[in-house]
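K.L.:
Please find one structure pasted underneath; my questions will follow.
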2 protein chains.
Amino acid sequence: MTNVTVHPAWLPAGVWRPIGSRRVRVDVPGTVRDEVEAAVAAHGGELVTSGDADLILTLAGPAHHGYAIVREQRATTVTAATHAGLLHGLFATVRMGESAFTPGPRVDSAPAFPRRMLDHWDNVDVHPVMGQVERGYAGGSLFWSAGALRTADLPRIRDYARLLAGVGINAVALNNVNVHATEARLLTDRLAEIVLLAEQFRPYGIRVHLAVTFAAPMLLGGLDTADPLDPAVRSWWALTLAGVCERIPDFGGVLVKADSEGQPGPFAYGRTHADGANMLAEALAPYGATVHWRAFVYDHRQDWRDRSTDRARAAFDHFTPLDGAFADSVIVQVKHGPMDFQPREPVSPVLAAMPRTRLALELQATQEYTGQQKHVCYLAPMWSGILGFRPRGDDGPPIAGTVAEVVAVANTGDDPFWTGHPLAQANLYAFGRLAWDPTLTPGEILDEWITLTFGADDGTRAALHAIMDDSWRTYESYTAPLGVGFMVRPGHHYGPDVDGYEYTPWGTYHFADRDGVGVDRTVATGTGFAGLYPYPWSEVFESLADCPDELLLFLHHVSYTHVLRSGRTVIQHIYDTHFDGVARVAAARERWRRLRIDPDVHARVAALLDEQLRSAIEWRDQINTYFFRKSGIGDAYGRMIY
Amino acid sequence: MTNVTVHPAWLPAGVWRPIGSRRVRVDVPGTVRDEVEAAVAAHGGELVTSGDADLILTLAGPAHHGYAIVREQRATTVTAATHAGLLHGLFATVRMGESAFTPGPRVDSAPAFPRRMLDHWDNVDVHPVMGQVERGYAGGSLFWSAGALRTADLPRIRDYARLLAGVGINAVALNNVNVHATEARLLTDRLAEIVLLAEQFRPYGIRVHLAVTFAAPMLLGGLDTADPLDPAVRSWWALTLAGVCERIPDFGGVLVKADSEGQPGPFAYGRTHADGANMLAEALAPYGATVHWRAFVYDHRQDWRDRSTDRARAAFDHFTPLDGAFADSVIVQVKHGPMDFQPREPVSPVLAAMPRTRLALELQATQEYTGQQKHVCYLAPMWSGILGFRPRGDDGPPIAGTVAEVVAVANTGDDPFWTGHPLAQANLYAFGRLAWDPTLTPGEILDEWITLTFGADDGTRAALHAIMDDSWRTYESYTAPLGVGFMVRPGHHYGPDVDGYEYTPWGTYHFADRDGVGVDRTVATGTGFAGLYPYPWSEVFESLADCPDELLLFLHHVSYTHVLRSGRTVIQHIYDTHFDGVARVAAARERWRRLRIDPDVHARVAALLDEQLRSAIEWRDQINTYFFRKSGIGDAYGRMIY
């Protein structure tokens, strides 16, 4: 194993004391017993094989994939129907601490989503532009290094599996959705690597998935087509995927990015995405494996002069006509917003428009557009808002009640803190917890994470809440105003460049001129995007008066002097939020400085907060100067605009 | 030799017919005789060793580095004081064609500058960002490939030397001024490669120079300092450079980019550039070799918020206080403009401010900011204007009369057409010719090049003049208006991005806001740059009324409605020139399409003209839209602005 000190994140030895110091009975062999055995060895308790115990873990229990915890005077009993459920029950007991051993009401916890999945964008080869991990900000890949599997580091991968299971994640896609030539071969002659990785994840109840290229029959199979209706293509896939499932009995399935940003897909053969996905589903269904098919399809070779094309409509226009056409074991994976993981987007209208299709909500834990794990940005409030959004109004179900599963793009790597920024661990933790129970509040999840990670006293807890609770809104305030998005440096996406994407083929524009800013996506005068939502949101978004401030420029083009629902003008809102955002970062930095905490963590975060402050000032000054130069309207409070 | 068809450029076999079909006597062995021998073999003439001849080439002649040609009824006689002079006389005879053999007045031609130098920015290793040739648009390096000398391709290097000698160039710096670790070693353990390259250039009277890193004593010598006043450092350089000169008796000298864009220099030790340059000069002077020391020194880590720093002043502020302090064999090499090879800049004020220093004027044949050898851009009109500029007004000397030499950054590589764009050959040709005689007009130089290269009939000649004569002004018209510069995509510098450098540390700004655009560099209210010129230009540039239109935004910040000397407003000028520029490119493309010419050349240029038109339209639409969005002022003629 590479010689690094790995910081333990949310399952450090200390949190095992309440269990480890007791007599525990585990009625089943495997990981649950191994974990308990290690805990009692460390804390002086006892693992008993029969008879009385303070804590009993046993297979028998609720008819769901979760667990039940019964706390009685005599003993606490954890039951589950499956070994994985029992493992989650054990970790839940860890989270409860001493209170797990105080009589109290029965806990009966079933996960909201059967699959809680993490997508790694790890490359096997180092990509010349994207590196070892595409959009990775936490060091290298845990799995591969410069073309080779990290066989010497398998123990760390098993630690990683344990960490994920500890927060309820039970599925992992191992490789990047942009599948290059080397990565394609994981499906065939490099399959042994996936077998080995699956062995690390299996003890923790995690199934592995593989991102594959739609062109595999040509690239690997020597066929001259990848047409999904061609019998030779179908038989190549059937044979190949059967081979995978036979070597990996709990293989989760495949993940496909097709006809997107240069990746091949069924369009080349005049076929639909359903044709493509169903072909794979047919091959995998006998093995209980699935197809995750991404809905991230749009024209990335737009002409900025063409005002009729709206990237925000693309997934809707491509996929909703196919509702009902996908096989049962296909999950269409939809990014949470209509564009691409901006700090603020409306919830994708696709999520409310395909009732006869199993949809996965795709979130992004890796902070591509939210500070790249250099900025503190606790994303649970954003995700919680998405999961709780009710597309049909207050009487309709929330997104959490309509999607079939949730997926996040991983933010982890071989960094000693797992996530580059130590506080970014909270995002991975929050994703797992929300995927289990989307009704948890961001505050209580953060509280759990603080306790598990820092065993925190009240001062530390208060400081971390102060720094993290609103950090996403802070990030939003000094970067993209009012939902406008994409004012970032092209390519790497870190730091401001207001016009960086304004005249490019990527379909990401703000249309700022001397009079105003924003994208008219109304039905009346714009691209019609607002009309893709069901009532009442179609009307709310269409209305300049009712549209929420934070999404105004995503949906409307307004003058700088337009008065927001907040009572401020657009231009003054831009200035105010940018000055305020920097002030909040400065305050967080001060607060962190005074904190007494593990010195390695303290030093890393302190250095990152310096960078965050520098970057926030750069954002503030560029955005303010840009809009001052365009609008000619000064700050009402006379603050410095360069 | 790598298996490519090399297009012969301006010395194809055909142009040798007038000489090759005659009786020629060469009174000296070496390249002159070899060239004539090949010519008469090809065209049926005769090389005689004594007695009568139609053409006589002999050593004895004018007391300068040029040649004389005496055309009498009986014979034409070319004389020169040196073998190199005789070679240039021979090539001059080739250029004259049949008229060399018609009685006429004596030609007595001395070069205006003793050294006519080409700087290659070739890397030995492929640089991860810059590639094999920094800012190279003509394929790979002629000298190195992926870390190794191209020993198999030495014959092509000799062809290249011949091509350069054919237009009067007599010095070549072989490697990039940004000297990385591998390239540094050319000075020591990889010196054999320079020896071998010098052998290819020597027969054509071309001396080789080497770009070195100021940190060499540390990097290669193991010293712990590179302080130019440290005795150990001085002795390391003396010893090392003596070693070079002993292996290469005609070694030209070293070229240094110090304290610039990250390259090390004397500033680190509190020493001046004169201290640094003089140390090297002392080591080289005994061998007749020189130091070229670049004046391209500025702060590339500026803060865009700091309005007091002006990059245009930097070379002046750094170097003019050192006038008189440099040793005799130091040449301070000054870029033609105060910024960095933009399509339009004022002549650098440094060129008129260091009377006691030998200055070299540095031009850029490689088209970094002028279309990257995808756009036709004949640069002789720009260079001719610079050489003819009179900093002290009409009664003072032109730049050509005050600088000691001229240098150009090479535009050549291993491309079959030598320069990527076949028509870009004309820039290399024009540089050589202007360096020999700066009073030649761009039109007559182009005419020579057309005749030598295409042996052109009148139709071809007319078409090429129409396409090329004004191509630089055409390029200027659809890119950077009124001298503003740097509205390019950061990094690679191809294509428009108006704000691409506006908030960066590179010191390259336009300050466009809703009211106006341009950089106030006046003494009265700006950075004072205008005052760095002698009278009358200090007053001309300072005056809003007198400043030439084409430099207005380089020197003044004006409103969009400011009326130019041309009578048009600034905003209308921007629109007009951008529409007009595209129209001119479209016309050139049509004209080229109808031309009957070598099919390889025709196809290559036709494809490039397609790209030029696409790119020109992109420039037009982005620049026009940007300024329309900012100014809110429409086009007077109602043309399409997106």
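Please treat every number below as a calculation from the coordinates, not as lab data. Given the structure is predicted, the values throughout are model-derived calculations rather than measurements. All Cβ positions, glycine included, derive from the backbone under ideal geometry; neighbour counts span all protein chains shown.
K.L.:
Under the definition of partner shielding as Cβ atoms of other protein chains within 10 Å of a residue Cβ, what is the mean value for peptide A:617-626?
P.N.:
Rounded to a whole number, the mean comes out at 2.
K.L.:
Work out, step by step, the length gained on full extension between A:HIS83 and A:ALA42: first 0.36 nm times the residue separation, then minus their alpha carbon distance; give nm to one decimal.
P.N.:
Length difference between fully extended and current span is 12.4 nm.
K.L.:
Which lysines does A:LYS630 reach when only Cα atoms under 24 Å apart count, and residues fewer than 8 places away in its own chain are ignored?
P.N.:
Reachable lysines: B:LYS630.
K.L.:
What distance in nm lies between label points placed 7 Å from Cα along the C-beta direction at B:GLU590 and A:ARG594?
P.N.:
Distance between label points: 7.5 nm.
K.L.:
Starting at the first residue of segment B:404-421, write each ³J(HN,Hα) from the Karplus equation 6.51 cos²θ - 1.76 cosθ + 1.60 with θ = phi - 60°, in whole Hz, x for Gly and Pro.
P.N.:
8, 7, 10, 9, 10, 6, 5, 10, 10, x, 8, 4, x, 9, 6, 10, x, 7
K.L.:
Based on Cβ point charges of +1 for Lys and Arg and -1 for Asp and Glu, what charge dipole magnitude is obtained for the protein assembly as shown about its Cα centre, in debye rounded to the nearest 20? Working shown, then result.
P.N.:
On the way: 114 positive and 150 negative charges, 38 e Å.
In debye, rounded to 20, the protein assembly as shown gives about 180.
K.L.:
Which of A:ARG594, B:ARG305 has the fewest other C-beta atoms within 10 Å, and how do the rest follow up to the most?
P.N.:
The most exposed by this proxy come first: A:ARG594, B:ARG305.
K.L.:
Then there is this: Which part of segment A:321-342 falls in the paramagnetic zone of A:ASP306, meaning amide N under 13 Å from the point 7 Å along Cα-to-beta-carbon?
P.N.:
It comes to no residues whatsoever.
K.L.:
Also, quick follow-up: Tell me, A:SER543, B:SER384 in order of fewest to most beta-carbon neighbours within 10 Å? Kindly include the intermediate steps, with their values, before the conclusion.
P.N.:
Values: A:SER543 14, B:SER384 20.
Lowest to highest Cβ neighbour count: A:SER543, B:SER384.
K.L.:
With just the Cα atoms defining each centre, how far is segment B:52-121 from segment A:535-555? Give it in Å.
P.N.:
The two parts, judged by their Cα centres, are 81 Å apart.
K.L.:
Still on this structure: For B:GLN132, what residues show an amide H to amide H distance below 5 Å, using hydrogens built from the backbone and excluding near sequence neighbours?
P.N.:
B:HIS127
K.L.:
Once you keep just the Cα pairs under 8 angstrom separated by 6 or more residues, what percentage relative contact order results for segment A:476-631?
P.N.:
26 percent
K.L.:
By a straight-distance test (C-alpha under 25 Å), which lysines pair with A:LYS374 as possible cross-link partners, with residues fewer than eight away in the same chain excluded?
P.N.:
Straight-distance partners of A:LYS374: A:LYS335.
K.L.:
Would you mind working out the magnitude of the charge dipole of segment A:476-631 relative to its Cα centre, with +1 at each Lys and Arg C-beta and -1 at each Asp and Glu C-beta, to the nearest 20 Debye?
P.N.:
Numbers: 16 positive and 21 negative charges, 116 e Å.
Dipole size: approximately 560 debye.
K.L.:
A further question on this structure: Pop the C-beta distance of A:ALA524 and A:ALA268 into the FRET formula with R0 = 41 Å and round what comes out to the nearest 0.05. Write out the running numbers ahead of the final one.
P.N.:
Numbers: r = 37 Å, r/R0 = 0.91.
Taking R0 as 41 Å, the efficiency between A:ALA524 and A:ALA268 is 0.65.
K.L.:
Now a separate question. Shortest first and in nm with one decimal, please list how far the B:ASP317 label point sits from its counterparts in the other copies (point 7 Å along Cα→Cβ).
P.N.:
5.2
K.L.:
So what is the relative contact order of chain B, in percent, for Cα pairs below 8 Å that sit 6 or more residues apart?
P.N.:
11 percent
K.L.:
Let me ask something else. Net charge around A:PRO18, counting only other residues with Cβ within less than 10 Å of its Cβ (Lys, Arg = +1; Asp, Glu = -1)?
P.N.:
Working: positive: A:ARG17, A:ARG22; negative: A:ASP54, A:GLU98.
So the surrounding residues net to 0.
K.L.:
So, counting K/R as plus one and D/E as minus one, what does the shell of residues with Cβ under 13 Å around B:HIS573 add up to?
P.N.:
Its environment carries a net charge of -4.
K.L.:
To continue, here is another question. Taking amide H positions as placed in the peptide plane 1.01 Å from N, state which residues far from B:THR357 in sequence (5 or more) or on other chains have amide H under 5 Å from it.
P.N.:
So B:THR357 has HN proximity to B:GLY324.
K.L.:
Something else: Starting from the 7 Å offset along Cα-to-Cβ, what nm value, one decimal, do you get for the label separation of A:ALA607 and B:VAL195?
P.N.:
Result: 4.7 nm between the two label points.
K.L.:
I would also like to ask the following. Say the dipole of the protein assembly as shown comes from +1 at the beta carbon of Lys and Arg and -1 at that of Asp and Glu; which of B:LEU544, B:GLN572, A:GLN373 then lies farthest toward its positive end?
P.N.:
A:GLN373
K.L.:
Right, here's the next one. So what's the gap between the Cα centers of segment A:313-384 and segment A:258-285, to the nearest angstrom?
P.N.:
Result: 19 Å between the Cα centres.
K.L.:
Pairs of Cα atoms under 8 Å, at least six residues apart: use those to get the relative contact order of segment A:4-100, whole percent.
P.N.:
25 percent
K.L.:
Still on this structure: Taking a label point 7 Å out from Cα toward Cβ, give me the nm distances from B:ASP52 to the same spot in the other copies, shortest first, one decimal.
P.N.:
Label-point separations across copies, in nm and ascending: 13.6.
K.L.:
Let me know the charge dipole size of segment A:13-109 about its Cα centre in debye, to the nearest 20, where only the beta-carbon of Lys, Arg (+1) and Asp, Glu (-1) is charged. Let's see the in-between values first.
P.N.:
Values: 9 positive and 10 negative charges, 34 e Å.
With only Lys, Arg, Asp and Glu charged at Cβ, the dipole is about 160 debye.
K.L.:
Amide H neighbours of A:ILE56 under 5 Å, counting only residues 5+ apart in sequence or on other chains, H built in-plane at 1.01 Å?
P.N.:
When sequence neighbours closer than 5 places are left aside, the close amide H contacts are A:ARG25, A:THR76, A:THR77, A:VAL78.
K.L.:
Which ³J(HN,Hα) values in Hz, rounded to whole numbers, follow from the phi angles of segment B:468-481 under the Karplus curve 6.51 cos²θ - 1.76 cosθ + 1.60, where θ = phi - 60° and Gly and Pro get x?
P.N.:
Result, rounded to whole Hz: 9, 3, 9, 5, 5, 5, 4, 4, 4, 5, 9, 10, 8, x.
K.L.:
Hey, which aspartates and glutamates would be in cross-link range of A:LYS257, C-alpha to C-alpha under 15 Å, not counting anything within fewer than 8 residues on its own chain?
P.N.:
Within reach: A:ASP119, A:ASP122, A:GLU134, A:GLU183, A:ASP275, A:ASP299, A:ASP340, A:GLU362.
K.L.:
Same structure, new question: Each residue of segment B:636-642 in turn: what ³J(HN,Hα) in whole Hz from Karplus with 6.51, -1.76, 1.60 and θ = phi - 60°, glycine and Pro shown as x?
P.N.:
Here the 3J(HN,Hα) series is 4, 9, x, 6, 5, 10, 6 Hz.
K.L.:
Still on this structure, I have one more. Calculate the spin-label point distance for A:ARG489 paired with A:VAL28, positioning each point 7 Å from the Cα along the beta-carbon direction, and give it in nanometres.
P.N.:
Going from the A:VAL28 label point to the A:ARG489 one covers 5.0 nm.
K.L.:
Same structure, new question: If you take every residue apart from A:GLY66 with its C-beta less than 15 Å away from the C-beta of A:GLY66, what net charge results, scoring Lys and Arg +1 and Asp and Glu -1?
P.N.:
Its environment carries a net charge of +3.
K.L.:
Got the A:THR82 label distances to the other copies yet, label 7 Å along Cα→Cβ, in nm, shortest first?
P.N.:
8.7
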